[in-house]
Amino acid sequence: MLRSVQKKNLAPEGYIYTTYGHPKYLKHAVASVISLRRYDDERPVALVCEEKHKRILEERNLSGIFDLIHIMSPEHASIVGFKHNIHEYMFFERNMYLDSDIIWCKNPDSLWQSFKPHPFTITGTQVSDNFFGGPKNIGIIADIILRRRRRTLNHFGLTYLSRVQTGMIYAQDFTLTKKVCDFAQKMLNRKDETHFRSRTLEQGRSEESCEWSMAMAMSKLNLPVYPWLQGHTSPQLDYIGDLTSHDDDFEYVVCKYYCDSFVYNLRGLKIKWLRRFLIKLFSLIPGKGDYLETTPYCLHFGWYHQKKPFFAFADRMWNALKKEKFSSLIEGKDRLVNYG
């Protein structure tokens, strides 16, 4: 790995995490890197964080977990603040931006190869549903009846709207990445002209979402999303307790993946008995109940009501680091020095 830091790309490929706010998010990023290093010990990992998170790592002699530590601009310490400005944090020739609530499950070499043709992309689905950026309750009926989604598209001159999942973003073209970010920020500033609702209205959410604005930017620039539901080659799958088999440390992970998209989308229902009942009901239709068992590249704990196993994993990894059980992560390797 490179020893010196210059204002240029530091490596051909690398991962970028970001943390700010409560120190627990730093623990989450560290835990995610521990899972990553089970499969990829070569590509560098950068952390974009607040000064206080850097100090925490230094006080615990854990800075070496990251190959590069960059202090973020204070105005970027939020979801939209960072993800609408990722062009300012392109440390590598090819960059993979990751949420901290992710556990890696297998070797990512093939995933990197599949990203290469894209100058910029975000995992997602080609077409978003009415719930994307809209109310997650009975209020969605009004959106459907009043055709608010279509009215938003017409107002901004868009012909389609993808569903993006920004837990994984890939970028290698600076100019294009900046265009996406700039347009997304403009869309967020014009939120009152859309039908999208603030994510802060959802339980457990305190920050605005960046996803619908970035989806609009990608539509405006005619950029395809990277399909996140690909069966055995899925870049990431949601963690759902009764659809995921795993050990405590997630070294063994197998997800139950329903081949029919409608049935698989039922995984988001919070009420377990209702989810199971509906899946069983629709499985009576030939083909609807078909499923495969697969290990994704990443397991994403994006659902608020499904995060407890990840919190337990992150705490366990953090405590193990304090006891120096993962010394190979922070010793005996040349690291990129702190940057910024």
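The values are calculated or read from the model by the stated rules, or taken from the named source; none is laboratory data. Predicted model only: the values in this text are computed from it and were never measured. Ideal geometry is used to build each Cβ from the backbone, glycine not excepted, and the neighbour counts take in all protein chains shown. When the accessible area is computed, the model is the full protein with side chains, heavy atoms only, and any ligands, DNA or RNA have been set aside. Shrake-Rupley method; radii C 1.70, N 1.55, O 1.52, S 1.80 Å.
Residues in the stretch 278-296 that are assigned to a loop (DSSP other than H, G, I, E, B) and not hydroxyl-bearing (Ser, Thr, Tyr): Leu284, Ile285, Pro286, Gly287, Lys288, Gly289, Asp290, Pro296. Suppose we keep only residues that are in contact with a helix residue (DSSP H, G or I) (Cβ under 6 Å, 6 or more places away or on another chain) and open to solvent by 10 Å² or more (accessible area, probe 1.4 Å) within the stretch 175-191. Which one would you say is nearest to Tyr15 (Cα to Cα)? For the stretch 175-191, the residue satisfying everything is Lys178. Every condition in (1) outside any strand (DSSP E or B); (2) modelled with pLDDT of 95 or more; (3) polar (S, T, N, Q); (4) crowded, with 21+ Cβ neighbours inside 10 Å is met by Ser128 except one, and the failing one is (2). Only helices (runs of 4 or more DSSP H) whose full extent lies in the stretch 24-84 are considered here, and the ones with at least 2 residues that are hydroxyl-bearing (Ser, Thr, Tyr) are 24-36.
Leu237 fulfils the conditions (1) over 30 Å from Pro12 (Cα atoms); (2) in contact with a strand residue (DSSP E or B) (Cβ under 8 Å, 6 or more places away or on another chain) except for a single criterion, (1). Can you spot a residue in the stretch 223-239 that is open to solvent by 20 Å² or more (accessible area, probe 1.4 Å), of a type in the set (Gly, Ala, Ser) and farther than 22 Å from Val180 by Cα? No, because not a single residue in the stretch 223-239 is open to solvent by 20 Å² or more (accessible area, probe 1.4 Å), of a type in the set (Gly, Ala, Ser) and farther than 22 Å from Val180 by Cα.
Among the residues of the stretch 74-99 satisfying the criterion of being among the polar types (S, T, N, Q) and modelled with pLDDT of 95 or more, which is surrounded by the fewest Cβ atoms within 10 Å (Cβ to Cβ)? Show your work before the answer.
Filtering the stretch 74-99 for residues among the polar types (S, T, N, Q) gives 78, 85, 95.
Within this subset, residues satisfying the condition of being modelled with pLDDT of 95 or more are 85, 95.
Details: Asn85: 19, Asn95: 25.
The selected residue is Asn85.
Leu299 passes all but one of (1) assigned to a strand (DSSP E or B); (2) over 18 Å from the mean Cα position of the chain (by Cα); (3) modelled with pLDDT of 95 or more; which number fails? All conditions pass for Leu299, except number (2). Taking Arg55 as the residue in question, decide whether it is under 30 Å from Ala320 (Cα atoms), touching a helix residue (DSSP H, G or I) at 6+ places or on another chain (Cβ under 8 Å) and open to solvent by 50 Å² or more (accessible area, probe 1.4 Å). For Arg55, the condition - under 30 Å from Ala320 (Cα atoms), touching a helix residue (DSSP H, G or I) at 6+ places or on another chain (Cβ under 8 Å) and open to solvent by 50 Å² or more (accessible area, probe 1.4 Å) - is not met. Please find, within the stretch 58-73, the residue that is surrounded by the fewest Cβ atoms within 10 Å (Cβ to Cβ) out of those that are touching a Lys or Arg at 6+ places or on another chain (Cβ under 7 Å) and at pLDDT 95 or above. Filtering the stretch 58-73 for residues that are touching a Lys or Arg at 6+ places or on another chain (Cβ under 7 Å) and at pLDDT 95 or above, the one surrounded by the fewest Cβ atoms within 10 Å (Cβ to Cβ) comes out as Ile71. Look at (1) under 30 Å from His118 (Cβ atoms); (2) out of contact with any helix residue (DSSP H, G or I) (no Cβ under 9 Å at 6 or more places or on another chain); (3) not β-branched (Val, Ile, Thr) and you find that Asp247 fails only one, number (1). Somewhere in the stretch 192-210, is a residue open to solvent by less than 40 Å² (accessible area, probe 1.4 Å), modelled with pLDDT of 90 or more and either outside any helix (DSSP H, G or I) or under 30 Å from Tyr291 (Cα atoms) (or both)? Checked against the condition, which is being open to solvent by less than 40 Å² (accessible area, probe 1.4 Å), modelled with pLDDT of 90 or more and either outside any helix (DSSP H, G or I) or under 30 Å from Tyr291 (Cα atoms) (or both), the stretch 192-210 yields no hits at all.
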